[in-house]
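Visitor: Mind looking over this structure? Questions follow.
The values are calculated or read from the model by the stated rules, or taken from the named source; none is laboratory data. No experiment lies behind these values; they were computed from the predicted model shown. Neighbour counts are summed over all protein chains in view; Cβ atoms, including those assigned to glycine, are modelled from backbone coordinates with ideal geometry. For accessibility, only protein heavy atoms count, side chains too; no ligands or nucleic acids. Shrake-Rupley method; radii C 1.70, N 1.55, O 1.52, S 1.80 Å.
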Amino acid sequence: MKISIEKSCYMIFTKSTREELTLDLKIYGDNLKRQDEIKFLCIRFDSRLTFSPLIDELKERCNSRLNLIKILSNKNWRLHHKTLGNLYKSLIGCIIFPI
């Protein structure tokens, strides 16, 4: 099995605000690039482990779907509150609680 250098990178997790540490990591003689944010198994990690990039992405996705529910909840559409609840569960629930 061979490791792909183009897809490989490294990240240093720290809460320190001091000067950033850089390492000279190599695979097959090529340097690995350092990232401040990595997406791994659909979860975004940042170097301080605050998960703010993940939360921002989830907020953005939920807000766009909530706007649709707000439009459909207008009295002119005459949707039952249970129907709106089911829409919420199917549109927002799949983002917040993925199976």
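Visitor: Please pick out the residue among L66, L49 that is under 23 Å from the mean Cα position of the chain (by Cα) and either under 30 Å from L84 (Cα atoms) or assigned to a strand (DSSP E or B) (or both).
Guide: Answer to the check: L66.
Visitor: Of the residues that make up the range 6-14, is at least one open to solvent by 100 Å² or more (accessible area, probe 1.4 Å), without any contact (Cβ under 8 Å) to a residue 12 or more places away in the chain, closer than 24 Å to L54 by Cα and among the aromatic types (F, W, Y)?
Guide: no
Visitor: May I ask you to verify whether F97 is open to solvent by 80 Å² or more (accessible area, probe 1.4 Å) and either farther than 26 Å from S4 by Cα or out of contact with any Lys or Arg (no Cβ under 6 Å at 6 or more places or on another chain) (or both)?
Guide: yes
Visitor: In a helix (DSSP H, G or I) and not acidic (D, E): is that true of S16 in this structure?
Guide: No.
Visitor: All but one of (1) surrounded by 12 or more Cβ atoms within 10 Å (Cβ to Cβ); (2) of a type in the set (D, E, K, R); (3) out of contact with any helix residue (DSSP H, G or I) (no Cβ under 9 Å at 6 or more places or on another chain) hold for E20; which doesn't?
Guide: (1)
Visitor: Related question: Only one of these is farther than 23 Å from P98 by Cβ and in contact with an Asp or Glu (Cβ under 9 Å, 6 or more places away or on another chain): N31, N76. Name it.
Guide: N31
Visitor: From the list I27, I71, which residue is more than 20 Å from the chain's Cα centre (by Cα), open to solvent by 50 Å² or more (accessible area, probe 1.4 Å) and among the β-branched types (V, I, T)?
Guide: Within the list I27, I71, the selection yields I71.
Visitor: A further question on this structure: Scan the range 74-99 for residues that are hydroxyl-bearing (S, T, Y) and either within 22 Å of the chain's Cα centre (by Cα) or under 20 Å from D56 (Cα atoms) (or both) and report the count.
Guide: Of the residues in the range 74-99, 2 are hydroxyl-bearing (S, T, Y) and either within 22 Å of the chain's Cα centre (by Cα) or under 20 Å from D56 (Cα atoms) (or both).
Visitor: For the range 34-47, which residues satisfy the criterion of being touching an Asp or Glu at 6+ places or on another chain (Cβ under 9 Å) and of a type in the set (D, E, K, R)?
Guide: Result: R34, D36, E37, R44, D46.
Visitor: Any residue at all in the range 63-71 that is of a type outside the set (F, W, Y) and under 28 Å from L21 (Cα atoms)?
Guide: Looking through the range 63-71, none of the residues is of a type outside the set (F, W, Y) and under 28 Å from L21 (Cα atoms).
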